[in-house]
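Worksheet: the structure to be examined is printed underneath.
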Amino acid sequence: MTRNKIIFLLFFFTTLAVAQQYTSPVNIPPALSANFGELRSNHFHSGIDFKTQQMINKPIIAIADGYVSRINVSPGGYGLAIYIDHFTGHTSVYGHLNSFSKPIADYVKEKQYEQESYRVELYPGEGTLPVKKGEQIGLSGNTGDSGGPHLHFEIRDTRTQDPIDPLLFIGHTITDTQKPDIRGVAFYPVNGKGVVNGSSNPLRLNVGKNKSGVPLALSQPINAWGKIGIAVKAYDRMNGQSNIYGVKHVRLFVDEEQVFSSSINRFPFSKTRMLNSFIDFEDWRKQSSFFMKSFVEPGNTLNLYEVVNNGYIDINEERNYRMRYELEDHNGNTLTYSFVVRGQQQPIAQAIKCDNFMPWGMHNSIVDFDFMLDIPPGNLYDNFCYTHRRIRSTVHYSDMHQVNETPIPLHNKASMWIKLNADTLENKQQYGIVEITETGNNNWIGGTYKRGGMETAIRELGRRYAVDIDTVPPEITPVNIEKCIASRKIQIRLTDNKSGIANFKGTIDGKFVLFSHDMKSSIYTYIFDDSRLEKGKTQELVFIATDGAGNVSEYRYEFDY
């Protein structure tokens, strides 16, 4: 028995011992819109998403006794979120809430006024906000980076904060008899060492289905020679739901020998970006498609795998190699898909000569008179050949720089510097690096002025950058301000044309007032609080906003209250 299997069995039996102590966080029939480990942009999904019947304000309850250990209020991310430490060694997380229960809401509001900020990260002590199993802690919502009403729910190891699949604890509440669904298979000849159908390029094939929903054979024969990797595109299904989910277990067999398996039960947040090595990153960036690799690149240290030869397959005999994928979900529902790779001798092209070879485990850099790129060790998952293209621009304050032709993910970040061709602004903060998209849009990144150019951090290669300016302050527009007394609220529409809102502050008669907001709306709202406002006098509202380039706007309004 392998070490990974022993660790998993210990983890499994420990999980069973505490699972009976937890209840569902929702008191409506449970249905999921997303599962644990689902593939997302730059990360694995760290919890499960409960549907809330397409509505907000469904009661959310604590799954067990414990205390509120952390509270987050943010216009993005999890929006309004509660973290509860339990005496089992787990922390439960409840995200995208619409509101908190009164004791929690009162505590949060007091801290927001103390810090004079809507956005807060709070860590109450053990005796501050105790909760009981089944106690209502808030109402479901759609706050933060959420695409619709739901509850994002996690269970974490309190000591490490690693997320663990919540279905290991409360999966018995959800019925699932549906098998995973295969969508494609891809083949990757190793550069200079392998070939597939006469080419050294990846071959990605979709898998169709017959009228009964049974997967069809591959659309073309596969002839290969040398060292290759394989990947699968697949999703899971659940009873009564139209959603697609992530596949929990993937296994690849060659001639009945298992050469690869991956199982997503937990992972550390520090490695969640390694999803970009788990998948075919280039195809994700270009086609929004998730092929899951059945081979492990050298810089990928995710503890999800059991592999032979790192999952790579040596095709060195002229015969049929019988291959089989097994795709299994949390409930053990399994789809099997078989295919054949024919070993056929064919010329293997030599690796292309590279002028800027970047090995995965080294410190890599590019230094030129108008561009610098510094990639510290620990950022690359595999070796690659770096390419750079400089393009003259008449609309930017620098040349445009294509930083590698193909998408390459970085695990942490690289430092990039671009020289200004025209350094004319007195206020250097108004310069900023922008990413130029395929459609020609400029997405502001910003950066720091340094040595006649701009420096910033980037987290992937394969994109195009230049330096631009932002000299236009944010736009502040009152919404029905003349009706603020009758409605008992003040609403401000706050927008910025380029660098985005960096910070804002509202005051009445010089005292901070709490404006709430959410990333999905440009409206900022203050609800009148009689305990903090002096009545019977003329009040002056001052609302100040600063954008990412340091441009400032101010709005003033007097009213009798």
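The values are calculated or read from the model by the stated rules, or taken from the named source; none is laboratory data. On a predicted model such as this, the values are computed, not experimentally measured, just so you know. When we count neighbours, we look across all protein chains shown, and the Cβ atoms used for this are built from the backbone with ideal geometry, even at glycine.
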Number of positions in the stretch 313-339 that are more than 27 Å from PHE36 (Cα to Cα) and surrounded by 15 or more Cβ atoms within 10 Å (Cβ to Cβ): 6
Qualifying residue in the stretch 272-282 (condition: β-branched (Val, Ile, Thr), out of contact with any helix residue (DSSP H, G or I) (no Cβ under 9 Å at 6 or more places or on another chain) and either buried (at least 21 other Cβ atoms within 10 Å of the Cβ) or at pLDDT 95 or above (or both)): yes
Qualifying residue in the stretch 160-168 (condition: under 24 Å from the mean Cα position of the chain (by Cα), part of a strand (DSSP E or B), on the phi > 0 side of the Ramachandran plot and surrounded by 15 or more Cβ atoms within 10 Å (Cβ to Cβ)): no
Among the residues listed as ASP518, ASP509, the single one being charged (D, E, K, R), in contact with a Pro (Cβ under 8 Å, 6 or more places away or on another chain) and not assigned by TED's automatic domain parsing to the domain that holds TRP417: ASP518
Residue in the stretch 410-420 that is touching a Leu at 6+ places or on another chain (Cβ under 8 Å) and under 20 Å from TRP284 (Cα atoms) present: yes
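Taking the condition of being part of a loop (DSSP other than H, G, I, E, B) and of a type outside the set (Gly, Ala, Ser), how many residues in the stretch 348-407 meet it? Give the steps one after another, and end with the answer.
Our first condition is that a residue be part of a loop (DSSP other than H, G, I, E, B); within the stretch 348-407, this holds for 348-356, 359-363, 368-370, 376-383, 386-387, 392-399.
This time we only want the ones that are of a type outside the set (Gly, Ala, Ser), so: 348, 350, 352-356, 359-360, 362-363, 368-370, 376-377, 379-383, 386-387, 392, 394-397, 399.
Matching residues across the stretch 348-407 total 29.
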Pairs, first exposed (fewer than 12 other Cβ atoms within 10 Å of the Cβ) in the stretch 535-551, second in a strand (DSSP E or B), C-beta under 9 Å, six or more apart: GLY536/ASP560; LYS537/ASP560; THR538/GLU558; THR538/PHE559; THR538/ASP560
Matching residues in the stretch 236-267 - criterion: being aromatic (Phe, Trp, Tyr) and under 30 Å from THR160 (Cβ atoms): TYR245, PHE260, PHE267
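Being modelled with pLDDT of 95 or more and in contact with a Phe, Trp or Tyr (Cβ under 8 Å, 6 or more places away or on another chain) narrows it down to one residue among PRO189, PRO221, PRO180; which is it?
Numbers: PRO189 fails: in contact with a Phe, Trp or Tyr (Cβ under 8 Å, 6 or more places away or on another chain); PRO221 fails: in contact with a Phe, Trp or Tyr (Cβ under 8 Å, 6 or more places away or on another chain).
Exactly one residue qualifies, and that residue is PRO180.
Mind checking whether some residue in the stretch 429-440 is of a type in the set (D, E, K, R), in a loop (DSSP other than H, G, I, E, B) and in contact with a Ser or Thr (Cβ under 7 Å, 6 or more places away or on another chain)?
As a first pass, look at the stretch 429-440 and keep what is of a type in the set (D, E, K, R): 435, 438.
Restricting the remaining residues to those that are in a loop (DSSP other than H, G, I, E, B) gives 438.
Of the ones still in play, those that are also in contact with a Ser or Thr (Cβ under 7 Å, 6 or more places away or on another chain) are none.
So far as the stretch 429-440 goes, no, none of its residues is of a type in the set (D, E, K, R), in a loop (DSSP other than H, G, I, E, B) and in contact with a Ser or Thr (Cβ under 7 Å, 6 or more places away or on another chain).
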Pairs, first within 12 Å of ARG266 (Cα to Cα) in the stretch 29-45, second of a type in the set (D, E, K, R), C-beta under 6 Å, six or more apart: PHE36/ASP165; HIS45/GLU38
